[in-house]
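A.B. asks: Quick one: the structure is below, questions incoming.
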Amino acid sequence: MRRHLAYPLVGGAVAAALLLPATAPAAAEPGPRRSPVAREFGNGPERNTAASPVPKQRLGADLSRYPWDLTRGYPRRTVLTEPPENPSDASIKLGLTPYHAIAPMLNDLQRRSDRVSVEVIGRSHQGRELYLVTVTAPESPAQARAQAAMRAMIEDDPAKAARDPQIKRSYKAPVFINGNIHGNEWEGTDAVLRTIERLATAQDAQTRELLARTRLYFNVTANPDGRVNGTRVNGAGFDMNRDFITASQPEVRSMRQVMIDTQPVVMLDLHGYVNGTLVEPTTPPHGQNYEYDLFIKNAYANGLGMEAAIKALGYTPERDGVHPPQIPFRDWEEGWDDWPPIFTPQYAPFHGAVASHTVEIPLRVNNADYTDQPVEELRRRAKINIDVAAAAIAGTLSFVRERGPQLVADQIEMFRRGAAGEPSKRVPEGIVPGFGPEDVYTTTFPRAYVIPAGSGQRSEAAAARLVDHLIANDVRVQRATRPFRLGGKDYPAGSYVVDMHQPKRGMANVLLEAGADISPRVDAMYDISGWSLAHLWGATVDPIPRGDLKGVKARPVSAAAPTGSVPPSGDLVLRLDDPKEVSALNELLGRGVQARWTGDGSVRIPASARPAARAVADRYGVRFARASGPGGGTVLRRPRVAAAASADDVFSLQEMGFAVTPVSTATLNAGFDWSSVDVLYVSSGLNHGQLTAQARRALEDFLAGGGVVARGATGASFNAAAGLLTATAVAGRGDANGTVSVVNAGGPITGGSAPYSFVYSPRWFTDLGPEVTVEQRFAGQGPLIAGHWRAGADGAGGPEAARGQATVIRGVDERGAAVVLFGTEPLFRNHPKGLFPQVARALLWTATQAGGD
Ligand SMILES: [Zn+2]
């Protein structure tokens, strides 16, 4: 029986945040971006280049796609380049291993032990190498090939793998341990290094047995930028433990590839700081695309094992300030869920992990403690944290040593259900102690998804991006070679089909399904609750509930087909419905092409620019149409944007090719040259009330004939304080988020957009002045499609109150400032690609209204 204690041992602030309805603090910039709980407090490559380097499309144990050199056995010694010593590495103060010291240690271990191999799996945003260490008993090239063949059979032909005696006898269970994904939660790395060092030389029978029967993969530091800089985020400012659905960051793409290539049965993600140590499994809601019966029995057993290993260290609250571990699944009611696979351990099960865990080590050494605590105290805490993290790893390794073959069998069963297309299994209550009706989540898998070609596709560029992303996530995609009929609809050749009878159907579905409105089932969610790529990434995607795919003639693809084209003669039209089209436009403008803004979400390109158009069509995969009628419209130039914005907003704007100058209250107060920008973008870090008189005068001069695009609480406050558009911004509940139904007015900003949007701390606009035009409203029904959105305790701020209200408005104020306000989150964490063009078009529209030519 689960104890319904409300978060008993977490810090007071966290417990309070969990219990409150959690309205985001007004105008506090981090508010709307993060959960009130803040988990322990927290490009796209162009066109078709996003495809997985190692597509898996063919059934059968095809080793040609295996990424690593199969002519090599283990160890695979790599002499790592040793970075120059960096005395300002933030690890040093804590007595921990600075990034520059890791490569020398690993070089030394590879010399001393034939069990240790290191491979560089990528680079961080700031260019630091990412080290994957494999620890296993030596293997000849033939043995390594045999392991690869078994791994492939488990995924490609799980029914056969389930009967395969060689797999039972000799497949080495893969385990993935991820350290330091949050850069200022350092000690996971040090615990990993300690573990590797011990395993490298230990001669006891248990270690020998472990290394003979497993492959242990350690990502030593998943976030070297953050480790060095002392930040949670990487060098681009992204929380990478929120990025697994989107994979906007190179470090995340490297982790994703490791999970695809190694297919771990167990994964561990080492974090801090929660006292007592937090060990997953999680509270409800549970992701509805998991094979949760296979997962929870293993995850809970390993959770208990880690708890025992941590307790055996003997640290006490009285002497050491270390509280006993807590397991949210067992000890809490809600608030630490495994609903969105944006987190590493919630993503890993879709590649076969049947136990995966966040572990939060206990003693805080970051943020204010890093600055304020004495060095000796910080180092005392850090040492204990390493012990705890190492104990969690050791507990997990014992678990795998004892249960390896069963874990592999459960992984095979997971893939088998997918390949067989079995219905989502309802997990029986009591499958483990405390598993009650509140833990049961299921979905209905469609028979297939179709991403149409031709006139049924809203955006071919978006469709290509989606296909490449699915493939990069190891989802199998086919392309029709003939027209076909499915689900009562005709599709042309060239349409893409995701057959949901595939081993990783959970991965496919969690990305493509609409999702669910889970508001009725829980009151507190940890982070986002809706993300559907079918709704938010701009492409038309048809779920096909039932049907027979026998009539569909299709071939597996390893990348989307090229989509760019330019008609042979005449002026050209480029629609701006996809971020790639915006990138293409910005590149054309950068080349000096005279593009004209036609006011309907398109630009007109003169026939003389055809060679440039061909180049960008090829580069971005965008399609130009032939212009009809006489030319017209405002000549555009690439808007220069001053952005008081979150890191993800800036990242997305730059990805679309805008020239962005970051600004803040402080930079404006220090004196800012407004003549260098056309538009001000405001979503974070700008408080009008804190501007000096001089800075305000300079801003006023800019606003007379200038442009402003603003979003969220900060943007709405700025609009009011600067006296821009006449509108009252109404805030929904602060932690509400998800995909929503909207009605687009068809104006210059939202015309042609899909009838979906994404909100986090939703806002809408009432009491609109005569100068205001509504570009988008919440639908009159819902409007939540998937996610979590309840009214507040006073009954206000819920989805019912938002029905039919304006979400995106525009207007030109008395002083001539052209302004667009968003109550939605069109650039959120670089995710909702299909919404990005609304911001781009807002920037272009304001730039054409203001200044004009
Ligand atoms: Zn963390």
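The values are calculated or read from the model by the stated rules, or taken from the named source; none is laboratory data. The shown structure was predicted, so the numbers you read here are calculated from the model rather than taken from an experiment. Virtual Cβ from ideal backbone geometry, glycine too; neighbours counted across all protein chains shown. Surface accessibility is based on the protein's heavy atoms, side chains included, excluding ligands, DNA and RNA. Shrake-Rupley method; radii C 1.70, N 1.55, O 1.52, S 1.80 Å.
A.B. asks: Rounded to the nearest 0.05, what FRET efficiency do VAL635 and GLU700 give with R0 = 30 Å and r taken as the Cβ-Cβ distance? Could you check? Display every interim value, and only then the final one.
C.D. replies: Details: r = 27 Å, r/R0 = 0.90.
Once the sixth-power term is evaluated, E becomes 0.65.
A.B. asks: Using label points projected 7 Å from each Cα along Cα→Cβ, tell me how many nm separate ARG198 and ASP320, to one decimal.
C.D. replies: So the two model labels end up 1.3 nm from each other.
A.B. asks: Label points 7 Å out from Cα along the Cβ direction at ALA659 and GLU814: separation in nm?
C.D. replies: 3.4
A.B. asks: Just to be sure I follow: if Rg is taken over the C-alpha atoms of the chain and Rh is the Kirkwood radius over the same atoms, what is Rg/Rh? Working shown, then result.
C.D. replies: Numbers: Rg = 26.9 Å, Rh = 27.9 Å.
My calculation puts Rg/Rh at 0.96.
A.B. asks: Here's something else I'd like to know. Just to verify a number: FRET efficiency for GLU377 and ASN86, C-beta to C-beta distance, R0 = 25 Å, to 0.05? Please list the in-between numbers first.
C.D. replies: Values: r = 24 Å, r/R0 = 0.97.
The formula returns an efficiency of 0.55 here.
A.B. asks: Continuing with this model, one more query. Starting from the Cα of ALA670, step 7 Å along the direction of its Cβ; do the same at LEU768; then give the gap between the two resulting points in nm.
C.D. replies: 3.9
A.B. asks: Can you find, among VAL808, GLN781, THR846, the residue farthest towards the positive end of the dipole of the range 766-853? Put +1 on the C-beta of Lys and Arg, -1 on that of Asp and Glu.
C.D. replies: GLN781
A.B. asks: With each run of n ≥ 4 DSSP H residues scored as -39500 (n - 2.57), what mean residue ellipticity at 222 nm is computed for the chain after dividing by its residue count and rounding to the nearest 500 deg cm²/dmol? Don't skip to the answer; put the middle values down first.
C.D. replies: Details: 26 runs with 278 residues, N = 853.
Value at 222 nm, helices only: -10000 deg cm²/dmol.
A.B. asks: Determine, from the Cβ-Cβ distance of ARG591 and THR728 and an R0 of 41 Å, the FRET efficiency 1/(1 + (r/R0)^6), rounded to the nearest 0.05.
C.D. replies: Values: r = 43 Å, r/R0 = 1.05.
Efficiency, rounded to the nearest 0.05: 0.40.
A.B. asks: Once fully extended, how much extra length lies between ASP548 and ARG123, figured as 0.36 nm per residue of separation less the alpha-carbon to alpha-carbon distance? Before the final figure, lay out the partial values.
C.D. replies: On the way: separation 425, 0.36 × 425 = 153.00 nm, distance 4.41 nm.
Computed gain between ASP548 and ARG123 is 148.6 nm.
A.B. asks: Beyond a 27 Å Cα-Cα separation, which of these cross-linked pairs lie in this structure: LYS160/LYS504; LYS172/LYS311; LYS172/LYS504; LYS297/LYS550? Numbers along the way, then the final one.
C.D. replies: Working: LYS160/LYS504 16 Å; LYS172/LYS311 29 Å; LYS172/LYS504 21 Å; LYS297/LYS550 37 Å.
Pairs exceeding the cut-off: LYS172/LYS311; LYS297/LYS550.
A.B. asks: Determine, for each peptide in 728-736, 796-804, the mean count of other beta carbons within 10 angstrom over its residues, then list the peptides with the highest first. Intermediate values should be presented prior to the final figure.
C.D. replies: Numbers: 728-736: 23.0, 796-804: 18.0.
Going by the mean number of other Cβ atoms within 10 Å, highest first, we get 728-736, 796-804.
A.B. asks: Through the Karplus equation 6.51 cos²θ - 1.76 cosθ + 1.60, θ set to phi - 60°, convert the phi angles of the range 376-390 into ³J(HN,Hα) values in whole Hz; use x for Gly and Pro.
C.D. replies: 4, 5, 4, 6, 4, 4, 4, 5, 4, 4, 4, 4, 5, 5, 5
A.B. asks: By its C-alpha gyration tensor, with a ≥ b ≥ c as the square roots of the eigenvalues, how is the range 352-400 shaped: rounded for a/c under 1.5, else prolate for a/b larger than b/c, else oblate? Kindly include the intermediate steps, with their values, before the conclusion.
C.D. replies: On the way: a/c = 5.97, a/b = 2.33, b/c = 2.56.
Note, shape of the range 352-400 comes out oblate.
A.B. asks: Placing +1 at every Lys and Arg Cβ and -1 at every Asp and Glu Cβ, with all other atoms neutral, what dipole size does the chain have around its Cα centre, in debye to the nearest 20?
C.D. replies: Working: 91 positive and 88 negative charges, 538 e Å.
For the chain, the charge dipole is close to 2580 debye.
A.B. asks: Any idea of ILE431's accessible area? Nearest 10 Å², probe 1.4 Å.
C.D. replies: Ignoring ligands and nucleic acids, ILE431 comes out at about 60 Å².
A.B. asks: Among PHE651, ALA609, PRO328, whose Cα projects farthest towards the positive end of the dipole of the chain, with charges put on the beta-carbon of Lys, Arg (+1) and Asp, Glu (-1)?
C.D. replies: Checked the options; the winner is ALA609.
A.B. asks: Report the extension gain between ARG485 and GLN406 in nm, rounded to one decimal, defined as 0.36 nm multiplied by the number of residues separating them, less their alpha carbon distance. Show your work: numbers first, answer last.
C.D. replies: Values: separation 79, 0.36 × 79 = 28.44 nm, distance 4.24 nm.
Difference between extended and current length: 24.2 nm.
A.B. asks: Only four residue types carry charge here, +1 at the Cβ of Lys and Arg and -1 at the Cβ of Asp and Glu. Report the dipole size of the range 577-663 about the Cα centre in Debye, rounded to the nearest 20. Mind dumping the intermediate values first?
C.D. replies: Working: 12 positive and 9 negative charges, 114 e Å.
With Lys and Arg at +1 and Asp and Glu at -1, about 540 debye.
A.B. asks: For GLY122, list long-range residues whose amide hydrogen, built 1.01 Å from N in the peptide plane, is under 5 Å from its own amide hydrogen.
C.D. replies: LEU130
A.B. asks: Take VAL79, project a point 7 Å from its Cα along the Cβ direction, then tell me which residues of the range 107-121 have their backbone nitrogen under 13 Å from it.
C.D. replies: Only 107-108, 111 pass the distance filter.
A.B. asks: Kindly write out, for the range 446-463 in residue order, the coupling ³J(HN,Hα) from the Karplus curve 6.51 cos²θ - 1.76 cosθ + 1.60 (θ = phi - 60°), rounded to whole Hz, with x marking Gly and Pro.
C.D. replies: Result, rounded to whole Hz: x, 6, 6, 10, 10, 10, x, 9, x, 5, x, 9, 5, 8, 5, 5, 5, 4.
A.B. asks: For ARG482, what is the net charge nearby, where nearby means another residue's Cβ is under 12 Å from its Cβ and Lys, Arg count +1, Asp, Glu -1? Please list the in-between numbers first.
C.D. replies: Working: positive: ARG479, ARG485, LYS553, ARG555; negative: ASP490.
Net local charge, ARG482 excluded: +3.
A.B. asks: With +1 assigned to the C-beta of every Lys and Arg and -1 to the C-beta of every Asp and Glu, and no other charges, what is the dipole magnitude of the range 708-853 about the Cα centre in debye, to the nearest 20? Let's see the in-between values first.
C.D. replies: Numbers: 11 positive and 10 negative charges, 80 e Å.
For this selection, approximately 380 debye.
A.B. asks: In addition: Over the range 462-537, what is the mean sequence separation of C-alpha contacts under 8 Å (at least six apart), divided by residue count, expressed as relative contact order in percent? Don't skip to the answer; put the middle values down first.
C.D. replies: On the way: 74 pairs, mean separation 19.4, N = 76.
So the answer I get is 26 percent.
A.B. asks: Test of understanding: what is the full-extension gain from ASP794 to ALA142, defined as 0.36 nm times their sequence separation minus their Cα-Cα distance? Intermediate results must be reported in sequence, preceding the final value.
C.D. replies: Working: separation 652, 0.36 × 652 = 234.72 nm, distance 6.75 nm.
Length gained between ASP794 and ALA142: 228.0 nm.
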